[in-house]
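**Q** Have a look at the structure that comes next, please.
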Amino acid sequence: MKETRVLAVDIGGTKMAVGIVDPNGRIESYERAETPRVDAEGLWRTLEALLDKLHTDAELIGVGVGCGGPMQWPSGEVSPLNIPGWRGFPLRDRLRERHPGLPVRVHNDAVAVAIGEHWRGAGKGARNVLGMVVSTGVGGGLILGGRLIDGASGNAGHIGHIVVDPGGLPCTCGGRGCLEAIARGPALAAWAQAEGWRPEQMVATAKDLAADATRGHPIAVAAMRRAGRALGIGIASATHLCDLEVVAIGGGLAQAGPLLFAPLEETFRAHARMEFARGVRVVPAALGQTSGLVGAAALIFEGDSYWNAD
């Protein structure tokens, strides 16, 4: 029998990535590019160019996609807050046209991270897992009782819009004090600059901020603590609501290590006071930056657990 593989796609505000994934969650080939700030068709052409570079001799059995949200689910029209060129873009239909005859399943990129970490990563073996992305935005996905929870519109688990500071900064969603408004990379870099941080690069990023924090820059360290505290509060709330076992955090900012996770853990333990919440493990995503691709593939390979639509 011919080997089977899944074409996996991961689309976020910072990068687009595509890969060929085997049934064990191993990525056999991989391409990525920065997400450009162009119009809808320009974004689609960037994705097509990446897909054109992938080759496999195995039989493709489907296309799994994680894309920034919100979106119309399961129809797959995407309107990512951090990709302004796509508003109601018919991503699922366009991929179906490119890959006729194959099932195409599109879900939120943070949901794909949650699935990847539950299937093959830090949450493997647990039944109740919150997977998170902390990068250009802050998102999440929920696995409860061993199955993905979609919610009414497919956007369940969107922890980035839990309010952690009611009088806080405005958020791209239109609210104020959301976790995303505080902890997403661009907002964190902007806060640090307002406090007097002067990066070497003309365009400051959270990666530059984390690097300066590693070198002991006091404002950069304070920024990491600010993000960690906000994440700790949000995760404590989610843990009390959902009775979690594992919280796995991926995305670019999660690469900051103890600079982020130490204040996160401290704040989480201060707020997670119910006895059932004390055993929760909050850990970096074990699959690192590949969690989203692996989770996107699982939408096809393990549809009984992770795909609750057509």
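The values are calculated or read from the model by the stated rules, or taken from the named source; none is laboratory data. Only a predicted model underlies this, so the values are computations on that prediction, with no experimental measurement involved. Note that each Cβ is placed from the backbone with ideal geometry, even for glycine, and that neighbours are counted across all protein chains shown. Side chains are part of the model used for accessible areas, which takes the heavy atoms of the whole protein and leaves out ligands, DNA and RNA. Shrake-Rupley method; radii C 1.70, N 1.55, O 1.52, S 1.80 Å.
**Q** Go through GLY116, GLY123, GLY137 for me and flag whichever is surrounded by 24 or more Cβ atoms within 10 Å (Cβ to Cβ), closer than 21 Å to GLY279 by Cα and either in contact (Cβ under 8 Å) with a residue 40 or more places away in the chain or in contact with a strand residue (DSSP E or B) (Cβ under 9 Å, 6 or more places away or on another chain) (or both). Steps first, answer last, please.
**A** Values: GLY116 fails: closer than 21 Å to GLY279 by Cα; GLY137 fails: closer than 21 Å to GLY279 by Cα.
That would be GLY123, the only listed residue that is surrounded by 24 or more Cβ atoms within 10 Å (Cβ to Cβ), closer than 21 Å to GLY279 by Cα and either in contact (Cβ under 8 Å) with a residue 40 or more places away in the chain or in contact with a strand residue (DSSP E or B) (Cβ under 9 Å, 6 or more places away or on another chain) (or both).
**Q** Taking the options ALA309, ALA298, name whichever one is among the hydrophobic types (A, V, I, L, M, F, W, C), open to solvent by less than 70 Å² (accessible area, probe 1.4 Å) and not in a helix (DSSP H, G or I).
**A** ALA309
**Q** Please go through the stretch 194-221 and pick out each residue that is under 24 Å from LEU81 (Cα atoms) and surrounded by 15 or more Cβ atoms within 10 Å (Cβ to Cβ).
**A** Scanning the stretch 194-221 gives ALA204, THR205, ALA206, LYS207, ASP208, LEU209, ALA210.
**Q** Looking at the stretch 47-71 only, could you name the residues that are open to solvent by 40 Å² or more (accessible area, probe 1.4 Å) and out of contact with any Lys or Arg (no Cβ under 9 Å at 6 or more places or on another chain)?
**A** Matches in the stretch 47-71: ALA49, ASP52, LYS53, HIS55, PRO70.
**Q** Here's something else I'd like to know. Can you tell me which residues in the stretch 251-272 are open to solvent by 30 Å² or more (accessible area, probe 1.4 Å) and under 25 Å from CYS67 (Cβ atoms)?
**A** GLY252, GLN255
**Q** Among the residues of the stretch 256-310, how many are acidic (Asp, Glu), touching a Pro at 6+ places or on another chain (Cβ under 7 Å) and at pLDDT 95 or above?
**A** As a first pass, look at the stretch 256-310 and keep what is acidic (Asp, Glu): 265-266, 275, 302, 304, 310.
Among the residues that remain, those that are also touching a Pro at 6+ places or on another chain (Cβ under 7 Å) are: 310.
Keeping just the survivors that are at pLDDT 95 or above gives none.
Of the residues in the stretch 256-310, 0 are acidic (Asp, Glu), touching a Pro at 6+ places or on another chain (Cβ under 7 Å) and at pLDDT 95 or above.
**Q** Quick one: in the stretch 115-158, of everything that is at pLDDT below 95 and of a type in the set (Val, Ile, Thr), which residue is nearest to MET16 (Cα to Cα)?
**A** THR136
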